[in-house]
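The values are calculated or read from the model by the stated rules, or taken from the named source; none is laboratory data. Just so it is clear, the structure is predicted and the values come from calculations on it, not from any experiment. Neighbour counts run over all protein chains shown; Cβ positions are idealised from the backbone, glycine included. These accessible areas exclude ligands, DNA and RNA; they are computed on the full protein's heavy atoms, side chains included. Shrake-Rupley method; radii C 1.70, N 1.55, O 1.52, S 1.80 Å.
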Amino acid sequence: MSSFDLLLLGLALAMDAFAVSIAKGMVIRRYLLPNAFKIAFFFAFFQGLMPFLGFMFGCIFDERLTAVSHLLSFLILTFLGIQMIRSHEEPNDCLDIKNILVLAVATSLDAMAAGLSLAFLEVDIIIAILYIMAVTFCLCFAGAILGKKLNKILKNKATMFGGLLLIFIGIKIIIDQISSLG
């Protein structure tokens, strides 16, 4: 794969994480840059880890796991979106490490399938992972900052909008999976 192909792969894999970063950025009340960095770091780490796992265990993972990963992503994102809408907590509580880790894993499950395909293409997995992580980090950092700016526009509706965005991303993952089967 060329560098351009790896860049496009990184962009494709990072889109869900970028959208979730916008949602998380909407609930940042203070310490914008450290929180944006935290969000971007965890999303980039898991977007790099999952293709590696898919690559390393390619013979174990098959299409059935890919289908389940989409359903699992949908369930996690929808659950967290509902929790975010119903939450009466301080918005910064939505930025704790546990919450970000769950979202990072949920948005990176499709990257595991990409890692499996990279194994069959005999791609240098380290180079591919570096591209994926760099693109994801940049997009998620920018997404968190964009979300913070949207928060100023949406005022006190930001947490609800962020929760709806998570639910929408979960539904989109399921729709994309169903349309790829048909």
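For this structure, a couple of remarks:
- Among residues other than residue 11 with Cβ under 15 Å from its Cβ, the summed charge is -3 (Lys and Arg +1, Asp and Glu -1).
- Of the residues 110, 124, ranked by 1.4 Å probe accessible area with the largest first, the sequence reads 124, 110.
- Local net charge near residue 128, Cβ-Cβ under 12 Å (Lys/Arg +1, Asp/Glu -1): -3
- A probe of 1.4 angstrom, applied to the heavy atoms of all protein chains, finds residue 172 with accessible area near 90 square angstrom.
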